[in-house]
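To start, the structure under review is shown below, and the notes come after it.
The values are calculated or read from the model by the stated rules, or taken from the named source; none is laboratory data. Bear in mind that the values here come from a model prediction, so they are computed numbers and not experimental data. Cβ placement follows ideal geometry from the backbone for every residue including glycine, while neighbour counts extend to all protein chains displayed.
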Amino acid sequence: MERKVFHAMYDDDDKLKEAAQLIVDKGIRIKEVFSPFPIHGIDPIIGVKRTRLAICAFMYALTGTSLALLGMWYFMISDWPMNIGGKPNQSLIDNVTSFLPVTFEFSVLCGAHGMSITYLLRNGTVPGMIADNPHPRSTNDRFIMEVTTDENSSMSADDISKIISSTNPEELSEKEY
Amino acid sequence: MNFVFSKRAKITTLVLMALGVIGIIGGLNSHNPHDHGGQEFWSNLLVCGFYFFAIALGGLFFYALQYAAEVGWSSQLKRVFEGIFHRNIPAFSLVLVIVFIASTLHVNHIYHWMDPGTYSEFVIPATVEGEHSTYTDNAEATGAQVNLGIDKIIKNKRAYLNEGFWWARTLVYLGVFIWFGNWFRKKSIEEDALDGTTLHVKMFKRSAIFLALFAVFSSTLSWDWLMSIDTHWFSTMYGWYVFSGMWVTFMIFATIATLYLRDKGFLPKVNDSHIHDLGKWMFGISMLWSYLGLCQFLLIWYADIGEEVIYYQQRFENYGLPLIVMCIINFVVPFLVLMARDAKRNPVFLRLSGCLILIGHYVDVYLLVMPGTMHGHSHYSWWQPLMFLGFLGLFVYLMLNSFTKAAMVPVNHPFIDESEHHSI
């Protein structure tokens, strides 16, 4: 069987959303949608799974909290006890209040950076990487839907092409790969 | 569609109010050996009065905020907010005014800067056993002696903290809040019968004026009514701390009321996205409150200056357990329970954590007032929760009663359509 990828281009996000709904209703899986901005309500239509970025963020922040407390303990308690305003300096727990702002900041720092880096890697949008969007205009004013025959093995390429054409895309391209 | 006050809700609120009356009678006859002249009862009245006044005031603030920021999603819930503030602000102003009159007439000593013995230069000692001494600033008065008990700090604060100016401020705050509350409500109902956006634009402008006034008053009212209890002590974060407390209690109240009304079918177009947004406010403002509370504590803890530390010392020594439990409830519970998206869309989670945080903030207001008025001698007994429940009953009764007075969903609000299609 030939392996094909279809790219349907629309000039409006609402048009793409309606088309996606029609195509999904016909039993076709949409692989990906490329858009210059997030399209509201597209996720449940094309079946995007809930992001796990939040879980990552929590783990990164937890790492930050632990690292900050460990660091504070080593620098200010264990290695060289620091006298902060006459507060007890031989125990972390009695002095933890002074370290809270730093711990908070470091948690946020680790959470935010970890999340950004994960996001860039997962999306393949690290600066310098080659873009994988099928058409440069999907970063400007066009909305592109990607459907592959691999994901829709129960249908022939012609059927898929016909169903997509029935939604009147501005442009429909087929490519073998 | 107007709200129908069900018999069950009516009976429940009336029973709560009856419990409150029992609580008030119990409070007036309480036998705390360290309690002079019903100080504990009056302090508790201030706690309850301010707690519910703050919820209503938070409602008025949030309502004005929706207009000033031209918010669309919440226009479905406009009448819920109105119901919370428009009868309750006047009612609980009255409770506060009763406490303040009693303080000014020295029936209680909540505000000890009102005691002339703290600021007068001279004293005329009582000649008859059992009578009170009189105080004066006039050195020529017969029998006047130098007042050795004068409190220099309070005397220096006299320019701001004197009964006349204090009452003038109090009346201005209450007058402004009541006037704006009534005005918003009136115009909102008028809008139901009118087309166009004339009234909406008018309310948009007025709400901005209100917010400017509120920005000042929310700080100064907390200094005047609460911070001046601990007269020697002051904190510049105090106003924000109290303000964030009133905001979060209102958000919880609004969430619970919205869930109740939606279950009863009076808010048919309110969907999970609205509930999610309310949950976000609950979560977010809980964090704001915790943040401000921690900032205030950290600065004082860090500097370790005797005049400042005394505030927390009193609280940790005599109210350590409620203080810690309160912080856990008000910060850890919303942080862990309400962080997840699904939790904010789940009525069970919202109601449970909401009720807990409401109780937590009651303890918070209690800890703002009691350590200053009762010092280490307050004794939490059965009549105090009953009083709280009584005022809760009154608050809910007035709220539900005002829901019956107008269509539950505004008819001609320009954003009503946007709100119906709210989806996040």
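So that you can scan it fast, the table gives a plain yes or no per residue for (1) surrounded by fewer than 17 Cβ atoms within 10 Å (Cβ to Cβ); (2) over 30 Å from B:PHE415 (Cβ atoms); (3) not hydroxyl-bearing (Ser, Thr, Tyr):
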position: B:SER290; (1), (2), (3): no, yes, no
position: B:GLU307; (1), (2), (3): yes, yes, yes
position: B:ILE310; (1), (2), (3): yes, yes, yes
position: B:PRO322; (1), (2), (3): no, yes, yes
position: B:VAL325; (1), (2), (3): yes, yes, yes
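Taking A:ASP132 and the conditions (1) at pLDDT below 85; (2) surrounded by 13 or more Cβ atoms within 10 Å (Cβ to Cβ); (3) in a loop (DSSP other than H, G, I, E, B), which numbered condition does it fall short on, given that it satisfies the others?
Every listed condition holds for A:ASP132 apart from (2).
Hey, can you tell me all the residues within the range B:341-377 that are within 21 Å of the chain's Cα centre (by Cα) and polar (S, T, N, Q)?
Once the filter is applied, which keeps residues that are within 21 Å of the chain's Cα centre (by Cα) and polar (S, T, N, Q), the range B:341-377 yields B:SER353, B:THR373.
Each row is one residue, and each column tells you yes or no for (1) surrounded by fewer than 16 Cβ atoms within 10 Å (Cβ to Cβ); (2) of a type outside the set (A, V, I, L, M, F, W, C); (3) in the same structural domain as A:LEU22 (by TED's automatic domain parsing).
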site	(1), (2), (3)
A:TYR74	yes, yes, no
A:TRP80	yes, no, no
A:PRO101	yes, yes, no
A:ILE144	no, no, yes
A:ASP158	yes, yes, yes
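Inspect all residues belonging to the range B:297-316 and state whether any of them is under 18 Å from the mean Cα position of the chain (by Cα), among the acidic types (Asp, Glu) and either within 14 Å of another protein chain (Cβ to nearest Cβ) or assigned to a helix (DSSP H, G or I) (or both). Outline the logic, then answer.
First, the residues of the range B:297-316 that are under 18 Å from the mean Cα position of the chain (by Cα): none.
Looking for residues that are under 18 Å from the mean Cα position of the chain (by Cα), among the acidic types (Asp, Glu) and either within 14 Å of another protein chain (Cβ to nearest Cβ) or assigned to a helix (DSSP H, G or I) (or both), one finds none in the range B:297-316, hence no.
Condition check: touching a residue at least 12 places away in the same chain (Cβ under 8 Å), within 14 Å of chain A (Cβ to nearest Cβ) and more than 20 Å from the chain's Cα centre (by Cα). Does B:PHE266 satisfy that? Talk me through it step by step, then tell me what you get.
Working: touching a residue at least 12 places away in the same chain (Cβ under 8 Å): yes; within 14 Å of chain A (Cβ to nearest Cβ): no; more than 20 Å from the chain's Cα centre (by Cα): yes.
No, not satisfied.
With the checklist (1) small (Gly, Ala, Ser); (2) buried (at least 24 other Cβ atoms within 10 Å of the Cβ); (3) touching a Lys or Arg at 6+ places or on another chain (Cβ under 9 Å) in hand, flag the one item B:GLY59 doesn't pass.
(3)
Within the range B:329-375, work out how many residues are closer than 30 Å to B:VAL309 by Cα, in contact (Cβ under 8 Å) with a residue 24 or more places away in the chain and not hydroxyl-bearing (Ser, Thr, Tyr).
The total comes to 23.
Conditions tested, residue by residue: (1) among the acidic types (Asp, Glu); (2) in contact with a Phe, Trp or Tyr (Cβ under 7 Å, 6 or more places away or on another chain).
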site: A:TYR10; (1), (2): no, yes
site: A:ASP13; (1), (2): yes, yes
site: A:PRO44; (1), (2): no, no
site: A:GLY47; (1), (2): no, no
site: A:LEU62; (1), (2): no, no
site: A:MET76; (1), (2): no, no
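Out of all the residues in the range A:84-93, which are away from chain B (no Cβ under 13 Å) and under 20 Å from B:ILE305 (Cα atoms)? Step through it out loud before you land on a result.
Start the filter on the range A:84-93 by keeping residues that are away from chain B (no Cβ under 13 Å), which leaves A:89-93.
A:ASN89 - this is the single residue of the range A:84-93 that is away from chain B (no Cβ under 13 Å) and under 20 Å from B:ILE305 (Cα atoms).
To keep it simple, each residue is scored yes or no on (1) in a helix (DSSP H, G or I); (2) within 12 Å of another protein chain (Cβ to nearest Cβ).
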{"site": "A:LEU62", "(1), (2)": "yes, no"}
{"site": "A:SER66", "(1), (2)": "yes, no"}
{"site": "A:TYR74", "(1), (2)": "yes, no"}
{"site": "A:MET82", "(1), (2)": "no, no"}
{"site": "A:ASN95", "(1), (2)": "yes, yes"}
{"site": "A:PHE104", "(1), (2)": "yes, yes"}
{"site": "A:GLY111", "(1), (2)": "yes, no"}
